[in-house]
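Everything below concerns the one structure shown next.
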Amino acid sequence: MTIKYDVIIVGAGAAGLMSAIEAGKRGRKVLLADHSLKIGEKIRISGGGRCNFTNINTHSSKFISKNPKFVISALSQYTQNDFISLIKKHNIKFHEKKLGQLFCDESAQQIVDMLLLECQMSNVTLIKEVIITDTGKVDDQYFITIGNDKYTCDSLIVATGGLSVPKIGASEFGYDVAKKFNLNIIETLPALVPLTFSEKILAICKELSGLSLEAVVFFNKTFFQEGMLFTHRGLSGPSILQISSYWQLGDAIKINLSPKLDIFKFLKNEKKLHPKHAISNVLSEILPKRLAFIICNENKVNGNISELPNKLLNQLSDSINNWVIYPIGSEGYRTAEVTRGGVDTNELSSKTMMSKKNPGLFFIGEVVDVTGHLGGYNFQWAWSSGFVAGQYA
Ligand SMILES: Cc1cc2nc3c(=O)[nH]c(=O)nc-3n(C[C@H](O)[C@H](O)[C@H](O)COP(=O)(O)OP(=O)(O)OC[C@H]3O[C@@H](n4cnc5c(N)ncnc54)[C@H](O)[C@@H]3O)c2cc1C
């Protein structure tokens, strides 16, 4: 059987739901198809179940892409304030946690319910647990095949997200469609992901597992000052997740474990004031004890501070203010929050999200080469790019 729609959207995640609502509002006959049973699962589990749904500081500088200006149009057509208005219209209570990050007071499920209700109000037909076996274009009509049925449309929107967290439905579908229609793909990699290390550093991480502290993590000129966590697999916490979106295999990251203090100055001063104090105790005054002890061990220093030449104090300080380490990889898509890379933005109109080569074919959300910083930016990209496609599909 062949069934005709105006717009077909594949992927009922954040971006797909938003585009369906908007296309439906324009009176388009919309089909939204997803292979999962549970709709909006990533929204539901996000932000520890409270969904960090946007950031009041949303700005193009918070996004990574081969073309950093690409996001400007969509972000201005549908802003963080537009999404906040939608949340308010549905009486969903929210709060700012830190750094402009907005979370639901109660539950992320409220956002999923809101989007599903809006879809109903826009007369969107939602089909779940379907396996799409083919996609293509005949004359000026796109189609998808599900079982024996062929669904045709004027506009096909691909909103299947990235590759992170495969167990809740991530697939290669979007990239495969892009390739089929001759669109370039920027290499995909796990991002917003904990980093892993070879034996020596891993042993330190294991020893300090569970310890968290404020740190500045650098990759070349990019840096983030947020929490950092030692785990039994390596390093995690917001500052590490953020830098993972920039880090390149083979390169080092640099960590300042005590951003508020110049350790060398501090130690020279302590040497004058308290020459008899043990170096490990001196460091324990300003660092977590376990960390202070490991740093002393690694630098093979012990005894009173007065016994240590300034050269050694300088080396010790460097390993705190300027710790240079080489990650060997990341925890991968299993734990990555997002995927960096994706459909090349050069292939798409930034105003409409439509393929320049294939009128009527749209890519939105995470499947596109746009990666937000941690803090609600990735959802804002999904809402903004979804909204835009919904206006033009
Ligand atoms: C644990 C976790 C927590 C996160 N927390 C936050 C947060 O608090 N704030 C934030 O901004 N971002 C967060 N993110 C990132 C955010 O969830 C994503 O960037 C966002 O969901 C991307 O939206 P999307 O619609 O492009 O893709 P998705 O939301 O991933 O939706 C893609 C949809 O496509 C469907 N699909 C995939 N393949 C197929 C196929 N072959 N056929 C049919 N359907 C298919 C999937 O089932 C899914 O429903 C988090 C991510 C994770 C993994």
Which residues does the label zone of Lys4 cover in the stretch 126-152, counting backbone N under 16 Å from a point 7 Å along Cα→Cβ?
138-144, 150-152
Give the Kirkwood hydrodynamic radius (Å, one decimal) of the stretch 79-129, defined as one over the mean of 1/r across all pairs of different Cα atoms.
12.2 Å
The stretch 261-393, Kirkwood Rh and Cα Rg, ratio Rg/Rh at 1.35
What does the extension gain come out to for Ser212 and Gln248, with contour length at 0.36 nm per residue minus their alpha carbon separation?
10.5 nm
Roughly how many percent of the accessible protein surface of the stretch 17-108 is carbon and sulfur, given a 1.4 Å probe and a whole-percent answer?
50 percent
Given a 1.4 Å probe, the accessible area of the stretch 225-296 per residue, as a whole number of Å², is 46 Å²
Go from 0 up to the bin containing the longest alpha carbon distance in the stretch 231-294, width 5 Å each, and give me the % of pairs per bin.
3, 13, 19, 20, 14, 12, 9, 6, 2, 0
Could you sort out which of Lys38/Lys93; Lys69/Lys260; Lys128/Lys351 sit more than 28 Å apart by Cα distance in this structure?
Lys69/Lys260; Lys128/Lys351
How high is the relative contact order of the chain? Use alpha-carbon pairs under 8 Å, at least six apart in sequence, and give a whole percent.
26 percent
At what distance in angstrom do the alpha carbon centres of the stretch 240-311 and the stretch 313-347 lie from each other?
21 Å
At 1.4 Å probe size, put Ile364, Ile64 in order of accessible surface, largest to smallest.
Ile64, Ile364
What are the ³J(HN,Hα) couplings of the stretch 59-73, residue after residue, when phi is run through the Karplus curve with 6.51, -1.76, 1.60 and θ = phi - 60°? Round to Hz, x for glycine and proline.
7, 4, 5, 8, 10, 10, 6, 4, 10, x, 8, 4, 6, 4, 5
Computed curve, the stretch 184-270, Cα-only Debye sum without solvent term, log₁₀ I(q)/I(0) at 0.17, 0.18, 0.24 Å⁻¹, is -0.74, -0.82, -1.21
Using the Kirkwood formula over every pair of different C-alpha atoms, what hydrodynamic radius in Å results for the stretch 35-101?
13.8 Å
Please report the antiparallel percentage of DSSP beta bridges with both residues in the chain, rounded to the nearest 5.
70 percent
10 °C / 1.306 mPa s Stokes-Einstein diffusion coefficient of the chain, Kirkwood radius on C-alpha pairs, µm²/s
70 µm²/s
Cα-Cα separations in the stretch 16-169 greater than 26 Å, expressed as whole percent:
35 percent
Output the relative contact order of the stretch 1-112, whole-number percent, from Cα pairs under 8 angstrom with separation of 6+ residues.
27 percent
Residue by residue through the stretch 334-346, what is 3J(HN,Hα) from phi via Karplus (6.51 cos²θ - 1.76 cosθ + 1.60, θ = phi - 60°)? Round to whole Hz and write x for glycine and proline.
4, 10, 5, 6, 9, 10, 8, x, x, 4, 4, 5, 5
Given the pairs Lys62/Lys289; Lys97/Lys180; Lys42/Lys98; Lys98/Lys276, which span a C-alpha to C-alpha distance of over 32 angstrom in this model?
Lys62/Lys289; Lys97/Lys180; Lys98/Lys276
In whole percent, the fraction of accessible protein surface over the stretch 237-393 that belongs to carbon or sulfur atoms, probe radius 1.4 Å, stands at 52 percent
For His277 and Leu312, compute 0.36 nm times the residue count separating them, minus their Cα-Cα distance, and round to one decimal in nm.
11.0 nm
Using only the alpha-carbon atoms of the stretch 160-219, report the extent along each of the three principal axes, biggest first, to the nearest angstrom.
49, 27, 24
Over the Cα atoms of the stretch 138-292, each weighted equally, I'd like the Debye log10 I(q)/I(0) at q = 0.09, 0.18, 0.21 Å⁻¹, rounded to two decimals.
-0.50, -1.14, -1.35
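The values are calculated or read from the model by the stated rules, or taken from the named source; none is laboratory data. Just so we're clear, the structure is a prediction, and the values are computed from it rather than from any experiment. Here Cβ is always computed from backbone atoms with ideal geometry, including for glycine, and neighbour counts include all displayed protein chains. Only protein heavy atoms, including side chains, enter the accessible area calculation; ligands, DNA and RNA are left aside. Shrake-Rupley method; radii C 1.70, N 1.55, O 1.52, S 1.80 Å.
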